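The values are calculated or read from the model by the stated rules, or taken from the named source; none is laboratory data. In this text, all values refer to a predicted model and were calculated from it rather than measured experimentally. Every residue, glycine as well, gets a Cβ built from its backbone with ideal geometry; the counts of neighbours run over all protein chains shown. Heads up: the accessible areas ignore ligands, DNA and RNA and are worked out on the full protein's heavy atoms, side chains in. Shrake-Rupley method; radii C 1.70, N 1.55, O 1.52, S 1.80 Å.
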Amino acid sequence: MMRMLRFEIKKVFSKSKNRVAIMVLSVILVAISIMTINRVEYVDENGNSSVGISATNNLRKTKNEWAGYLTEDTLRKVLEENRTINNSKEALSDDITEQNKAYAKKQGITSIVDVISQAFSGYRDYNYYAINNVSDDEVGTIYERRISTLKEWLDSGEETFTEKEKAFLIHQYEDLETPFYYEYMDGWSALLQNISTFILILALVIGFFVSGIFSDEFQTKSDSIFFSTSLGRTRGILSKIGAGFCITTAFYVIFVLLYTFIVLLVLGTDGANCPIQLDLWRSVYNITCLQAYLFILLGGYIGTIFASTCAMLVSAFTRSTPTAIIVPFIILCAFPFLSRIITLPGLCSFFPDQLLEIYIDIKEPALVTLGGKVISIAAFIVPVYAVICLILQPILYKVYKKTEIK
């Protein structure tokens with residue numbers, strides 16, 4: 001069985017087009033890694049911005065001077081520091097370079113300033129300058145205001161949540177542990193913002209790899225030999241299914257870890273245990289940056305497995321590799337466009353492309369009520385599609401086993 005499995009995997013990568021695809025994927029990996037790294041900038045005392053390892057180290061040092069729990073005392077110090085910088089001659093200057101110098105002094109507290117401004121803005125009306133109107137007595141109420149702002153929005157009639165869903169949102173907000181622990185976390189923030197894009201590209205390339213596993217026997221006219229062997233319709237088919245699973249899993253794990261390693265090697269792993277609300281203020285997920293990353297990876301993996309399995313199923317059914325190649329594209333790219341033109345937005349939230357959009361759900365979740373229990377759609381579709389992937393394996397086996405030789 002292992003020999004047959006290795007043979008099927010070897011067949012996939014013996015094709016020049018697949019080797020070229022690996023090289024293209026490697027180039028994309030480097031390109032997206034650079035784009036992600038360049039999200040994190042540091043402005044020096046002269047107002048000049050830079051990116052890279054040196055810039056990251058300087059920014060980390062600056063932000064970690066304020067590391068610790070965001071208690072009322074800390075928030076008041078941030079408020080005072082922000083006022084001092086805003087009233088400096090650099091900040092009041094009309095010269096862009098001078099303004100950049102003022103921003104350089106504020107880099108250590110920018111994320112905390114953003115949290116305060118979020119707390120004193122409307123639920124869907126973020127005001128960057130809201131902090132400028134906050135008093136010392138008010139700033140310590142940011143955690144309470146986060147809850148009260150949600151309640152005001154839920155009572156405004158601007159949303160369509162049921163009473164149970166409203167109660168769920170409020171409970172999640174009230175259950176969040178406070179005060180927040182703050183430290184430099186820009187590496188995780190940049191990683192989380194871009195990783196879904198990379199996973200989508202990776203899933204499409206993996207679908208390209210596995211699309212010919214079942215149809216190539218017909219393309220090369222070797223189907224009569226394959227099915228006439230004693231193990232062709234049993235272990236032979238199982239080896240093809242196993243090859244698809246191994247290729248999908250191996251490439252997903254290797255390239256996702258490579259992308260993560262490159263980004264965090266440069267930007268740093270600090271802030272892994274910071275609450276996601278420091279970056280995504282309205283999130284109802286009471287998780288850390290690391291937990292959000294793992295959730296996104298799990299959803300992406302299930303989505304990739306589903307798209308690859310569907311590609312192999314179409315490959316086995318139609319005996320056409322080109323037809324199978326477009327299946328992952330339809331599942332992961334066409335469905336999002338479809339959701340914009342059809343009048344079933346609730347149904348679109350359950351499409352498989354949402355497995356690769358877990359970051360968006362963490363940022364602003366869609367909810368569903370099942371058996372009287374409210375959960376986010378992401379938390380629902382991940383296990384559901386995992387089960388569907390398992391169900392598709394014996395279906396794939398039966399479809400190919402019943403193939404007739406022509």
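Report, to the nearest whole %, how much of the accessible area of segment 12-161 belongs to carbon and sulfur atoms, 1.4 Å probe, protein only.
Roughly 49 percent of what the probe reaches on segment 12-161 is carbon or sulfur.
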Self-check item: In Å², nearest 10: area of Val263 left accessible to a 1.4 Å probe
Solution: 0 Å²
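Take Phe380, Phe255 and sort them by solvent-accessible surface of the protein heavy atoms, 1.4 Å probe, largest at the top.
Phe380, Phe255
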Quiz item: Based on the alpha-carbon gyration tensor of segment 235-294 and its eigenvalue square roots a ≥ b ≥ c, which shape applies: rounded if a/c is under 1.5, prolate if not and a/b is larger than b/c, or oblate?
Solution: oblate
Self-check item: Ranked order, Asp175, Asp361, Asp136 - accessible area, probe 1.4 Å, largest first
Solution: Asp175, Asp136, Asp361
Quiz item: Leaving out ligands, DNA and RNA but keeping every protein chain, what accessible area does Arg83 have, in Å² rounded to the nearest 10, with a 1.4 Å probe?
Solution: 80 Å²
Practice problem: Would you work out which of Gln172, Asn57, Ile195 lies farthest towards the positive end of the dipole of the chain? Charges go on Cβ: Lys and Arg +1, Asp and Glu -1. | Solution: Ile195
Practice problem: Only Lys, Arg, Asp and Glu count, each charged at its Cβ (+1, +1, -1, -1), so figure out the dipole size of the chain about its Cα centre, rounded to 20 debye. | Solution: 3140 debye
Self-check item: Which of Cys246, Cys333 is most accessible, then next, and so on - probe 1.4 Å
Solution: Cys246, Cys333
Practice problem: For the chain, return all DSSP H helices satisfying: extent of Cα atoms along own axis at least 30 Å; mean Kyte-Doolittle hydropathy at least 0.5. | Solution: 16-37, 186-210, 235-267, 289-318, 377-401
Quiz prompt | Tensor-based shape of segment 79-223 (alpha-carbon gyration tensor, a/c under 1.5 rounded, otherwise prolate or oblate) | solution = oblate
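Let a ≥ b ≥ c be the square roots of the eigenvalues of the Cα gyration tensor of segment 47-88; is it rounded (a/c under 1.5), or, if not, prolate (a/b larger than b/c) or oblate?
oblate
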Exercise. Could you state how much accessible area Val51 has, in square angstrom rounded to the nearest 10, with a 1.4 Å probe and all protein chains kept in place?
Key: 70 Å²
Exercise. Mind checking which of Val387, Ser117, Thr309 is farthest towards the positive end of the chain's charge dipole, using Cβ charges of +1 (Lys, Arg) and -1 (Asp, Glu) about the Cα centre?
Key: Thr309
